[in-house]
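First up is the structure itself, then whatever we jot down about it.
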Amino acid sequence: MVVAAGTIIGSLTQWYLIWLLARTAGPDGVGVYSAALAVATPLFTALRLGLRSTFLSAMTRWPESVYWRLRIGGLAASVLILLALILILPGIPVGLGVAIAALKVSDGIVDLCQARVQYADRMSFLGWSTIANSVGTAIAASIAVTVTGEVVAVVIASAAVSAASAAWTAYVGRTVTYVADTADGAVRGILSAGIPITVSQFLANLLIQLPVIALTMVDPATVGRYAAAAYLVAAASMAGATLQILLLTPFRRIRETSGAEAVRAYASRVLRSVMLIAALCGVVVVLLGAPVLTFVYGAEFALDHLSLAFLAIAAIATVGSPVQSVVLTVLNRYKTVTMIMTASCVGSVLAGLAAFGLAAPPIVCASAMAATGASVRYVLLNVFMQRATRDIAPDEWPEPGAREQQEG
């Protein structure tokens, strides 16, 4: 439960940073910050290479030094590509790009340090370290923006806290015993296991960031207005990630003891409850979202009801999809999940083009992209979840402990 609490507090911290920038730098400040993150997050996710999941679940214990060489190489490539993109894309200051790169490098180091701690099943420490990182980020960012009033100062403060968290986690990780089985074929073995994971994670991040990336072609203020409201979708995504953590083990146990059909039945019951709560929250967002946005962020962040309706649909679908994804994960249908994420991204882009062709305002176009991408993902996951649990025979059930946790 401490891990879930850490995820929730981390989500609240990210929202707090958006609010802080909205109150001090207005839509433009939120816009440049969100645009830089929209470019950097999928990129750094892709070049993480799924190393943490592979470290934790690979049948062979490869040398930790190989993981670190791959991580450092991936981070270096990510930094170079990010800086090149920032020089090409309009509206993102180079200084902010460098600060975002520093933040993402620190986060990448924390990620692999946490893998060693998680390997020893010290989940309580992971939860508390996440909470400490989040609280420290909120405090440091508040001080930085109060003193300087600059967006880049918020990012630098966040990067500094993340670096301190990396040092702390690395120190604790040194107390964990990890003995490699062999170094033969380590690079190939790690990459062959990690790349399918990272492709799926990259597409999941890209799906959320596509509307923001599209709005960077307009102006920072428009990006900022959208990003402030669209944090609803990001929060739904984090809630879904928490659901994945909580449901993965019970779903796996049900599969091992009762079979695939029992997993589907249990997942359907959970999904109905989740979707009912999400739908009620969505109605509240549509009815009260506009005045709440104005009250929380300021009058410049007001949004129309159509955009809010699209974002509510996106959030509802986003919070429900991880339940279906866990079912496919415990059945080892990784390629299916990747295919669905690809189709969702394509659907999002097509929806944006269609809305643009109908001369819809930019924020309506972006919101339509979010709603369509999330809905396509939800519908396809549901179809393939039903099909997978019907088609799989008892003697085809994956062996317990295979590689179910890679998607988590």
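No value in this document is a laboratory result; all are computed from the given coordinates. Computed from a prediction, not measured in an experiment: that's the story for all the values here. All Cβ positions, even for glycine, are placed from backbone atoms using ideal geometry, and neighbour counts span all protein chains on display.
Given the C-alpha centroids of region 201-278 and region 6-46, what is the distance between them in whole angstrom?
What the calculation gives is 18 Å, centre to centre.
How do L311, L51 line up, fewest other C-beta atoms within 10 Å first?
Lowest to highest Cβ neighbour count: L51, L311.
Hey, what's the Kirkwood Rh for region 218-408 if you take every pair of different alpha carbons, in angstrom?
17.6
With each pseudo-label sitting 7 Å past Cα toward Cβ, what's the E261-I72 distance in nm, one decimal?
5.4
Between A132 and L306, what is 0.36 nm times their sequence separation minus the Cα-Cα distance? Round to one decimal in nm.
58.8 nm
Work out the charge dipole of the chain with +1 on the Cβ of Lys and Arg and -1 on the Cβ of Asp and Glu about the Cα centre, then indicate which of P196, A388, T24 is farthest towards its positive end.
Farthest along the dipole direction, towards plus: A388.
Work out how much length V296 to L83 would gain on full extension: take 0.36 nm times their residue separation and subtract the Cα-Cα distance, in nm to one decimal.
Taking 0.36 nm per residue and subtracting the Cα distance, the gain is 73.4 nm.
How big is D, in µm² s⁻¹, for region 166-261 by Stokes-Einstein at 25 °C and 0.890 mPa s if Rh is the Kirkwood radius over C-alpha pairs?
136
Hey, quick one: spin label on V284, modelled 7 Å out along Cα-Cβ, who in region 306-344 has an amide N within reach, i.e. under 18 Å?
308-320
Provide Rg over Rh for the chain; use the alpha carbon set for both Rg and the Kirkwood Rh (inverse mean inverse pair distance).
Rounded to two decimals, Rg/Rh equals 0.96.
Along Cα→Cβ, 7 Å out, is where each label goes; now give me the distance between the ones at S124 and I195 in nm to one decimal.
In this crude label model, S124 to I195 measures out at 4.1 nm.
Can you tell which of S344, L247, T222 lies farthest toward the positive end of the dipole of region 218-408, using +1 and -1 charges on the Cβ of basic and acidic side chains (Lys, Arg; Asp, Glu)?
Positive-most Cα among the choices belongs to L247.
Let me have the 222 nm mean residue ellipticity of the chain computed from DSSP H runs of 4+ only, each contributing -39500 (n - 2.57), with the sum over all residues rounded to the nearest 500.
Estimated from H runs of four or more residues: -30000 deg cm²/dmol.
Could you check the simple spin-label distance between A164 and S268, using points 7 Å along Cα→Cβ, in nm with one decimal?
5.1
How large is the dipole of the chain about the Cα centre if only Lys and Arg carry +1 and Asp and Glu carry -1, each at its Cβ, rounded to the nearest 20 debye?
480
Using the count of nearby Cβ atoms within 10 Å as a rough guide to exposure, how do I88, I139, I208 rank from fewest to most?
Fewest-to-most Cβ neighbours within 10 Å comes out as I88, I139, I208.
Work out which trypsin sites (Lys or Arg not before Pro) in the chain are exposed loop sites (DSSP not H, G, I, E or B, at most 14 other Cβ within 10 Å) and give the longest gap free of them.
Between the exposed loop sites, the longest stretch runs 175-408.
Quick one: Kirkwood hydrodynamic radius for region 1-217, alpha-carbon pairs, angstrom, one decimal?
The answer is 18.1 Å.
Take the alpha-carbon centre of region 101-121, take the same for region 352-367, and report the distance between them in whole Å.
38
Could you please tell me the mean projected area of the C-alpha convex hull for region 96-173, averaged over all directions and given in square nanometres to one decimal?
4.5
Taking just the alpha-carbon atoms of region 1-73, what radius of gyration and Dmax come out, in angstrom?
Rg then Dmax for region 1-73, in Å: 17.2, 51.
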